[in-house]
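Take a look at the structure set out below.
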Amino acid sequence: TRLVLVGPPGAGKGTQAKVICARLGIPQISTGDMLRAAKKAGKLPEELVKQMAAGGLVPDSVVLGLVDQRVTEADCKPGFLLDGFPRTTPQATGLDDVLAKNGVKLDVVLAIDVAKDLLVERAVLRRTDKRTGQIYHLKYNPPPASVAEADLEHRPDDHEDVVAKRIDVYEAMTAELLPFYEKRGKLKRISGVGTVDEVTQRVLAALEITS
Ligand code: AP5
Ligand code: ZN
């Protein structure tokens, strides 16, 4: 299965991606995670570090290059889930080219809808376990006592003003992908409001995952 998860910052893409990928046994490809890993390794050019920290998008060519390389790896043969990519129309058409080159197609694009006013609180109180990548929320999905506070990371782009900027960028650049995929008959939409488990139930139903 080849899936795309699209939705505004804080919609729950990463949280739900982990559940879907575990159920289907496919890798999660998050361009955000890949860029953050490159930054940690000191391999992300300073200009891109700044663009991310300010809540803007990095150039299409950069993320297309990452995805082009990643989807040809052996573990992506049975399928994969793209989280946070594509986010512009040129990325979407670039993805079609990359997939065509590999002789495969997208199956489903799942959009997670969450109203703007809930997104800021979700992002600002997010913490990520830097050892496992597990995503928590200080209020809605708190880390267990076994996770040391020192292992919890707060993303530099999760401060209120930057989150607001990221939401604007989503509306200006990414929201147009919904009609793009709708026209191609690939789009499914669910509400991302409710508990994590409630949203997971909608995700599994929309993707017709029963086992
Ligand atoms: P990226 O890492 O993709 O960030 P994003 O799209 O802004 O999305 P988030 O990771 O913030 O949210 P999410 O939907 O994954 O939500 P999560 O599950 O974590 O991108 C970061 C940056 O990288 C971009 O700004 C850009 O600079 C660059 N970039 C990445 N891809 C790019 C691309 N393709 N092109 C160009 N630039 C790119 O959940 C959020 C919080 O809510 C958590 O605390 C979670 O515990 C909580 N939560 C989840 N579900 C629920 C629920 N149902 N109820 C209550 N709380 C919940
Ligand atoms: Zn994410």
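The values are calculated or read from the model by the stated rules, or taken from the named source; none is laboratory data. As the structure is a prediction and not an experimental result, all values here were calculated from the model. Cβ sites come from the backbone with ideal geometry, for glycine too, and all protein chains shown count toward neighbours. Quick note on the areas: whole protein, heavy atoms, side chains included, nothing else; ligands and nucleic acids left out. Shrake-Rupley method; radii C 1.70, N 1.55, O 1.52, S 1.80 Å.
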*Being more than 17 Å from Lys116 (Cβ to Cβ), touching a residue at least 60 places away in the same chain (Cβ under 8 Å) and open to solvent by less than 90 Å² (accessible area, probe 1.4 Å) narrows it down to one of Leu177, Leu152, so name that one.*
Leu177
*Answer yes or no: is there a residue in region 52-70 that is out of contact with any Asp or Glu (no Cβ under 6 Å at 6 or more places or on another chain), open to solvent by less than 60 Å² (accessible area, probe 1.4 Å), touching a residue at least 40 places away in the same chain (Cβ under 8 Å) and farther than 23 Å from Ile135 by Cα.*
no
*asked:* Give all pairs with beta carbons closer than 6 Å in which a residue from region 84-103 that is without any contact (Cβ under 8 Å) to a residue 40 or more places away in the chain meets a residue that is assigned to a helix (DSSP H, G or I) and more than 16 Å from ligand 2 (Cβ to nearest atom); count only pairs at least 6 apart in sequence or on separate chains.
replied: Pro90/Asp60; Gln91/Asp60; Gly94/Leu64; Val98/Asp68
*Can you find a residue in region 133-144 that is more than 24 Å from Leu48 (Cα to Cα), touching a residue at least 12 places away in the same chain (Cβ under 8 Å), hydroxyl-bearing (Ser, Thr, Tyr) and surrounded by fewer than 20 Cβ atoms within 10 Å (Cβ to Cβ)?*
yes
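Can you name every residue in region 8-26 that is more than 9 Å from ligand 2 (Cβ to nearest atom) and either assigned to a loop (DSSP other than H, G, I, E, B) or touching a residue at least 12 places away in the same chain (Cβ under 8 Å) (or both)?
Step one: list which residues in region 8-26 are more than 9 Å from ligand 2 (Cβ to nearest atom), which gives 8, 16, 18-26.
Scanning region 8-26 gives Pro8, Gln16, Lys18, Val19, Ile20, Cys21, Arg23, Leu24, Gly25, Ile26.
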*Restricting attention to region 42-49, does a residue exist that is open to solvent by less than 60 Å² (accessible area, probe 1.4 Å), on the phi < 0 side of the Ramachandran plot and either near ligand 1 (Cβ under 7 Å from one of its atoms) or part of a loop (DSSP other than H, G, I, E, B) (or both)?*
yes
*Any hit, region 103-122, residues being open to solvent by less than 50 Å² (accessible area, probe 1.4 Å), more than 17 Å from the chain's Cα centre (by Cα) and more than 8 Å from ligand 1 (Cβ to nearest atom)*: yes
*Hey, does region 165-186 have a residue that's farther than 30 Å from Gly94 by Cα and away from ligand 2 (no atom under 16 Å from the Cβ)?*
no
